[in-house]
Amino acid sequence: MSYERPGTLDDAVRLSGTGEDAAYLAGGHTLIPAMKARLRDPDLLIDLADLDELKGLVTDGERLWIGALTTHAEVSQTAGAIPALQQLASLIGDPQVRVRGTLGGSLANNDPAADYPAAVLALDAVIETDRGSHAADDFFQGMFFTALEEGELIRRVGFRIPKRAAYAKFRHPASRYALAGVFVAEFEDGVRVAVTGAGGDGVFRWTAAEEALAAGTDPASIGAPDVGDMSSDIHAGPEYRAHLCTVMLKQAVGGLS
Amino acid sequence: MGTQFTLNGQPVAADAPPTALLVNVLRDTLGQTGTHIGCDTSQCGACNVLLDDVPVKSCTLLLAQVANRSVTTIEGLAEGDRLHPMQEAFRQEHGLQCGFCTPGMVMAGIGIANRHGGEVDEETVAHELEGNLCRCTGYVNIVKAIRAGAAAMDGAAREAAE
Ligand SMILES: Cc1cc2nc3c(=O)[nH]c(=O)nc-3n(C[C@H](O)[C@H](O)[C@H](O)COP(=O)(O)OP(=O)(O)OC[C@H]3O[C@@H](n4cnc5c(N)ncnc54)[C@H](O)[C@@H]3O)c2cc1C
Ligand code: FES
Ligand code: FES
């Protein structure tokens, strides 16, 4: 396995075409555990650590832009423009995970139980890459699949700044990933609700809840999503997950700020 | 040549592949076995070390990622016979039984003290220990030790500033 640490984004993308199975290395907190478990075996690691242009946050009025290499710890401290996003970042893993793990790595991986995908979808984000941009609604394409092409590198993500938003997560007690996590965002032109952890195809927009909230329905009386659309594993069955969605929705709406 | 970095204040050149896990390099190549391996899944925190003074999991970090940076392991905390205030607090408060988790706990504790200062409350310490597993103590004395250690580090910093 070889290791490269390019100094420019162009070099990083160029290098990705040179390996049989090249992988970008950001925080390494998904990739390295996967390599240790022999789930991944790249022949070339392209460490993004020196690409300072991928780090940091800026707002441009409508959107909060966060660089792909920005760590969860930094977002939890500095994303004041969207407090719900700060809170979400502070709930990822543990402090040692948060100082290494990055936004871009989390999105590229699209783990069905990861937290950021819910925020990206509910906050109608734009994912900018080395070769274009993706709307959140088109980006996530089922568990561990995204719209990214081979070697496509996420540069930054632009989250639409909501009027109010909140994230509520029922954490798996050992892994801290979401068994169900619900992100609610209110905009002038409507409400968006995204669910992570629970869906059989990964993160999804819960449109029935969006419509009900927009119509002023009491969140406590909004019914659960279809049990047939839920995922199931040794940690939680589909009925339980569907129920958790309603509980997390209530919590999120109660916490809107 | 190997990968160069600073280990406990001394320059080292580790003769291992750049993609080796830092924890294995520390233990097997450099003979510093105070840093432990407690899991395969990056969850237990027994391997925590300080990277430029911030705790990280050395089992989830490659050697090449610490090139030209500064790593501190449990071996590097004491000054001669004088334990680091966080180590001393673990001793005083009986914050360990078998001791396997302790090096990682001490590192996590230093991180908590640096982030929250000397008056950090019990709830914050408990919350921020989510990445550290202990099979023996039940955590009560570990939380006490970290609070005492944080207060002592704060006191020492004030003294140094005067
Ligand atoms: C103990 C533990 C607990 C965790 N708990 C949670 C949790 O509660 N919630 C949660 O959401 N996550 C959790 N995580 C995952 C963590 O947030 C990861 O850090 C994150 O998912 C991946 O980010 P990374 O920077 O570490 O990516 P890496 O591991 O470096 O990379 C992951 C993948 O993304 C690709 N990639 C990285 N950056 C880019 C980029 N800019 N463009 C294109 N592709 C890229 C890589 O090639 C790789 O395939 C946990 C991890 C651990 C170890
Ligand atoms: S050995 Fe590193 S977290 Fe368990
Ligand atoms: S003291 Fe034995 S594992 Fe913590």
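Structure values in brief
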| read-out | value |
| --- | --- |
| Contacts under 7 angstrom Cβ, first residue in region B:60-76 being more than 11 Å from chain A (Cβ to nearest Cβ) and touching a residue at least 40 places away in the same chain (Cβ under 8 Å), partner part of a helix (DSSP H, G or I) and of a type outside the set (A, V, I, L, M), 6 or more apart | B:I74/B:P103 |
| Hits in region A:190-207 (condition: small (G, A, S), under 19 Å from A:A165 (Cβ atoms) and open to solvent by 20 Å² or more (accessible area, probe 1.4 Å)) | A:G190 |
| Pairs, first over 14 Å from B:T19 (Cβ atoms) in region A:22-45, second within 16 Å of ligand 2 (Cβ to nearest atom) and open to solvent by 50 Å² or more (accessible area, probe 1.4 Å), C-beta under 8 Å, six or more apart | A:P33/B:T41; A:A37/B:D40; A:A37/B:T41 |
| All positions within region B:144-162 that are in contact with an Asp or Glu (Cβ under 6 Å, 6 or more places away or on another chain) and either within 13 Å of ligand 3 (Cβ to nearest atom) or open to solvent by less than 30 Å² (accessible area, probe 1.4 Å) (or both) | B:A145 |
| Extreme residue, farthest from the other protein chains (Cβ to nearest Cβ), among residues of region B:122-162 that are within 16 Å of ligand 1 (Cβ to nearest atom) and assigned to a helix (DSSP H, G or I) | B:H127 |
| Subset tally (residues that are facing another protein chain (nearest Cβ under 9 Å), outside any loop (DSSP other than H, G, I, E, B) and farther than 22 Å from A:L103 by Cβ) for region A:1-43 | 3 |
| Residue tally, condition open to solvent by less than 20 Å² (accessible area, probe 1.4 Å) and farther than 10 Å from B:V143 by Cα, over region B:116-127 | 2 |
| Counted residues, region B:65-84 - those being part of a helix (DSSP H, G or I) and over 13 Å from the mean Cα position of the chain (by Cα) | 2 |
| Residue match in region A:172-189 (condition: surrounded by fewer than 18 Cβ atoms within 10 Å (Cβ to Cβ) and among the hydrophobic types (A, V, I, L, M, F, W, C)) | yes |
| Residues of region A:74-109 satisfying the condition of being more than 9 Å from ligand 1 (Cβ to nearest atom), assigned to a helix (DSSP H, G or I) and open to solvent by 20 Å² or more (accessible area, probe 1.4 Å) | A:E74, A:S76, A:Q77, A:T78, A:P83, A:Q86, A:Q87, A:S90 |
| Qualifying residue in region B:103-113 (condition: in a strand (DSSP E or B), within 16 Å of ligand 1 (Cβ to nearest atom) and on the phi < 0 side of the Ramachandran plot) | no |
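The values are calculated or read from the model by the stated rules, or taken from the named source; none is laboratory data. Just so you know, these numbers come straight off a predicted model, no measurement behind them. Note: ideal-geometry Cβ built from the backbone for every residue, glycine included; neighbour counts use all protein chains shown. What goes into the accessible areas is simple: the full protein's heavy atoms, side chains included, and nothing from ligands, DNA or RNA. Shrake-Rupley method; radii C 1.70, N 1.55, O 1.52, S 1.80 Å.
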